[in-house]
Every structure is written in structure tokens, then in C-alpha cells.
Amino acid sequence: MEIREIKTVSEQILNNIEKVIVGKRQTIQLALISLLCQGHLLIEDVPGVGKTMLARSIAKSLGLNFRRIQFTPDMLPSDITGVSIYNQVKREFEFRPGPILSQIVLADEINRATPKTQAALLEAMEEKQVTVDGTTHVLPSPFLVLATQNPIEYEGTFPLPEAQLDRFFMRIQLGYPTFEDEMKILDDQKYRHPIMDLEQVADGGVVTEMQETIKQVFVANPVKRYILGLIRQTREQNEVYLGSSPRGSLALYRAGQAKAAIEGRNYVLPDDIKALAIVILSHRIILSPTGRLHDLSQTDVIQTILERVAVPGGDPLGWQP
């Protein structure tokens, strides 16, 4: 697959999903970037803004299996990974796969599950496999987890530890629609939900090809130094107790390649990195007491770093290989 084909297919996917998720093209693009980079999304937003519809729309647009897991405090790891049940007729154990063995998985309200159950999900995300009773089951490909958590509810929740947050490729918010977009939502859903009529525009094989092709997108040394400059600044700020890990620099590198490919370029620009830094890095840092004292958020810190670190200059055509 060539880069221009990635741009064409990406436009088809984005336009298709926009029939359901109105006015959130940039957020949809971030979700597609995460899928192409074989990463996972953490959506931190209030209820009712379309988190479930985003996951379902991606699955329907690509013809992929979709499963939703509603996390609760009494959920067990086996409720996610699956369980072996004894078949009395065959006199042998049979594996009943859990919902994690799907291609698009919505982990709804992940912070309501106990740490043990959270760990079972995150292990599957990292290793792309689950082990039940000594038998390893490989997860299907492509595979994407969209985990959600409500930022305004804390009672009865188990917040994800920082080490587990680091495993999410990016953290995004959908946010409320504008007045005009919400009016369109009312009109579109007058008789039935647009998700019911959503058509498939690509398939899993095409996504796999796209995932391999974006790895060939050229990243110049000045852009690599810019990425590492941002990462190192997260480790040197007084407002930050713990900076981004090398996983963060790799994620920013891959996301830049995917963004460039979606826009039809075979080279990454510094602006690609700058546009992705907040969603890739903000959940990977821990604020220091100084930062909390000044009432700073993780997003504020990354924004300050973006303003401090010099962007590589020069002719944009010079970034081409």
C-alpha cells in the first residue's frame, strides 16, 4: 500500500464515522491514529458525549468485531479473559472466550473495576494475548481497546496507577458539541440513530496493511531531536515529579508517522509532533507538590514545554527523505 492510498482510505473512514460522531473530526482522527499505531485509547469524559458510539462506529466502518465491557467492582479477571468449563459430554475442558478476544473492545468505566481486574485487561493490551489455565490465546488483529472513565466521579472508583496509565497510547476527550452540531444531532436522530445505517468502508486486512506502511514514513533527525527535547523537558521541570518514559517518545514518534500518512505525506513535520504532544504525553507525567500547589494540570505543563522547546526550522520540503 502507498501513502496516497492511506490518505484516501483514511478520508473514507473519517467521513463515515462523522455521520455518527458530529463535529469531532479531530478527535476521530486521533482515534484512527491510535488504531494505525496499534495503541489503545483512554477517553476521559462525562457521560453521554458519544464514547460508546465512537467505538461502535469504528468497528462498523471497518467490519470488525465489537464488544463492550461494563466494569463494576465485583467483576473478576476471568470475566474479561474467559474461563475453562468442563464439558460432561466430551469429558474435557472447553475454553469460553471472554469479551477481550474481540477486535474493538470498549472498556466502559475502567476505574470502577478493582486493580486485579484492571491488571488483567492491561496485560492483554500490552501482550496481545491472554493465558487461561496455562493455555495462551492470541488476540485478533487489528485490536483496539477504548477505555473510558468519568472525571467527575470518584466515589467507589479505583483510579488507574501511573504505570498502567503509561500503557495507553493517548488520552483524549470528546467534549460537548457546539450549538449547531447539537442541532444536527437532534435532526439526524429524529427517526433512528445513524449508527443503524452506517456502512463498512474498509476491512481488517486494509488496516493491517496501513499499520505496516506507516512504519516507512521518514522521520528526519531534527524531528527526532525535537521529540527527545520534549521528552527530556518533562523530566526536568520543577512542576513534574516523574517525567515521560521512553514509551512516550516511541508513541510520539509512531503517532507522527501515522498523522503524516493520513495527510498524504511520507515524511513527518515538527508540527505533527507539536499537534500530538498533549494527547500523547499529558497522562504520562506525575505532577510534583510544586505543580499541584500552583494548581497546574498535566496539560498545562505540556503546553508550557511546547512553548519553551524550539521547533526545528527550515524549508518544509527539506523534511522529505
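The values are calculated or read from the model by the stated rules, or taken from the named source; none is laboratory data. The structure presented is a predicted model; accordingly, all values stated were derived computationally and were not measured. Neighbour counts run over all protein chains shown; Cβ positions are idealised from the backbone, glycine included.
The table below lists the values:
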{"item": "Qualifying residue in the stretch 115-132 (condition: outside any helix (DSSP H, G or I), out of contact with any Lys or Arg (no Cβ under 7 Å at 6 or more places or on another chain) and of a type in the set (Gly, Ala, Ser))", "result": "no"}
{"item": "Residue match in the stretch 10-19 (condition: outside any loop (DSSP other than H, G, I, E, B) and of a type in the set (Lys, Arg))", "result": "no"}
{"item": "Unique residue being more than 24 Å from Asp45 (Cβ to Cβ) and surrounded by 20 or more Cβ atoms within 10 Å (Cβ to Cβ) when the list is Val279, Val223", "result": "Val223"}
{"item": "Unique residue being under 30 Å from Gly291 (Cβ atoms) and either outside the structural domain of Glu11 (by TED's automatic domain parsing) or hydroxyl-bearing (Ser, Thr, Tyr) (or both) when the list is Arg225, Arg167", "result": "Arg225"}
{"item": "Criterion (surrounded by fewer than 17 Cβ atoms within 10 Å (Cβ to Cβ) and farther than 21 Å from Met170 by Cα) met by exactly one of Leu228, Leu293, Leu250", "result": "Leu293"}
{"item": "Any hit, the stretch 179-187, residues being part of a loop (DSSP other than H, G, I, E, B) and either hydrophobic (A, V, I, L, M, F, W, C) or at pLDDT 85 or above (or both)", "result": "no"}
{"item": "Single match in Gln233, Gln211 (criterion: modelled with pLDDT of 90 or more, over 26 Å from Glu5 (Cβ atoms) and among the polar types (S, T, N, Q))", "result": "Gln233"}
{"item": "Where Ala202 falls short, out of the listed (1) hydrophobic (A, V, I, L, M, F, W, C); (2) in a helix (DSSP H, G or I); (3) modelled with pLDDT of 90 or more", "result": "(2)"}
{"item": "Scan of the stretch 2-55 for residues that are small (Gly, Ala, Ser) and on the phi > 0 side of the Ramachandran plot, ordered by number", "result": "Gly23, Gly48, Gly50"}
{"item": "Checklist (1) loosely packed, with under 13 Cβ neighbours inside 10 Å; (2) part of a helix (DSSP H, G or I) applied to Val89, failing item", "result": "(2)"}
{"item": "Scope the stretch 76-116; condition at negative phi, in contact (Cβ under 8 Å) with a residue 24 or more places away in the chain and among the acidic types (Asp, Glu); matching residues", "result": "Asp79, Asp108"}
{"item": "Residue in the stretch 81-93 that is in contact with a helix residue (DSSP H, G or I) (Cβ under 7 Å, 6 or more places away or on another chain) and under 30 Å from Ala119 (Cβ atoms) present", "result": "yes"}
{"item": "Condition met for Asn111 (modelled with pLDDT of 85 or more and under 16 Å from Ile69 (Cα atoms))", "result": "yes"}
